[in-house]
Amino acid sequence: MNVDELTLRRGIVLASALVYWGGVWLQAQRVRRHIGRYPNVRPNGVKEHVLWLGWMLVVAGWITFPLLVKQTPPACILLRLHSDLLHPAGLVLGLALVVVGHAGTLWCYKAMGDHWRIGIDHAERNSLVTRGPYGVVRHPIYLFQIVMLTGATVLLPSWIPVLILVLHLTCVLFKALDEEAYLTRIHGDDYRAYLARTGRLFPPIGPRQS
């Protein structure tokens with residue numbers, strides 16, 4: 001991989017982080033204008049504060065790690081895989097994953113509309129959204145974040161994005177469980193039926209229950 005291609009890869013990863021999290025901010029502003037308040041942007045309780053710290057580390061890592069890459073990234077444990085990803089085809093694959101992740105996120109925003117929230121307000125009774133990507137996956141925004149971070153790992157394969165991805169997955173799983181417990185309490189049997197026919201982060205394997 002030459003210097004120009006490395007610069008391009010770094011630029012794509014950095015731009016993906018800035019555009020994505022800038023988009024989250026814009027989405028929060030849009031929802032605030034429509035509902036008259038911010039969509040639960042402040043964490044509540046010790047667990048949410050810890051999760052938010054994890055999210056901030058993911059965001060900071062996603063933005064800064066491409067800036068730290070000054071030369072060919074150090075090899076992963078799987079040396080052959082590392083070599084394959086540094087092939088020009090790896091650039092195409094990584095870029096495709098980033099684009100798909102961003103497009104999927106916009107799809108989720110459209111499906112959620114003004115029901116989109118960041119944190120949980122236990123006093124709020126929000127509508128159950130099952131349209132669009134939410135018809136097969138309960139947390140598609142997290143899925144598309146995983147897709148983008150996988151793209152970043154493909155573009156700049158090293159242990160740093162792998163650690164960021166692992167931290168992200170850890171935060172996502174705890175956050176998803178909290179959201180599902182809240183929605184089960186709010187929507188009862190309707191949400192239990194929804195749980196039965198959807199996957200948490202990935203589409204369910206096999207026939208879906210009606």
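Relative contact order for segment 86-210: what is it in percent, counting Cα pairs under 8 Å that are at least 6 residues apart? Working shown, then result.
On the way: 118 pairs, mean separation 42.6, N = 125.
Contact order relative to length: 34 percent.
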Report summary line: A chain fully extended from Leu67 to Leu163 at 0.36 nm per residue, minus the present Cα-Cα distance, gains in nm 32.9 nm
Report task. For Val137, list long-range residues whose amide hydrogen, built 1.01 Å from N in the peptide plane, is under 5 Å from its own amide hydrogen. Result -> Gly199
Query - 0 to 90° range, to nearest 10: angle between helix 45-68 axis and the chain longest Cα axis - result: 20
Report summary line: Tilt, helix 159-187 to longest principal axis of the chain (alpha-carbon atoms), in degrees rounded to tens, equals 10
Requested in this report: Multiply the residue gap between His115 and Ala103 by 0.36 nm, knock off their C-alpha separation, and tell me the result in nm, one decimal place.
Outcome: 2.4 nm
Report task. Rounded to the nearest 10 degrees, what's the angle between the helix 3-35 long axis and the longest principal axis of the chain, both from Cα atoms, 0 to 90? Result -> 20
Query raised in the report: If you average the sequence gap of Cα pairs under 8 Å that are 6 or more apart and divide by the length of the chain, what percent do you get for the contact order?
Result: 27
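Assuming 0.36 nm per residue, please report the length gained on full extension of the stretch Asn44 to Asp189 beyond their Cα-Cα distance.
Details: separation 145, 0.36 × 145 = 52.20 nm, distance 2.61 nm.
Here the answer is 49.6 nm.
Laboratory data are not the source of any read-out in this text; all were calculated from the coordinates shown. Bear in mind that the values here come from a model prediction, so they are computed numbers and not experimental data.
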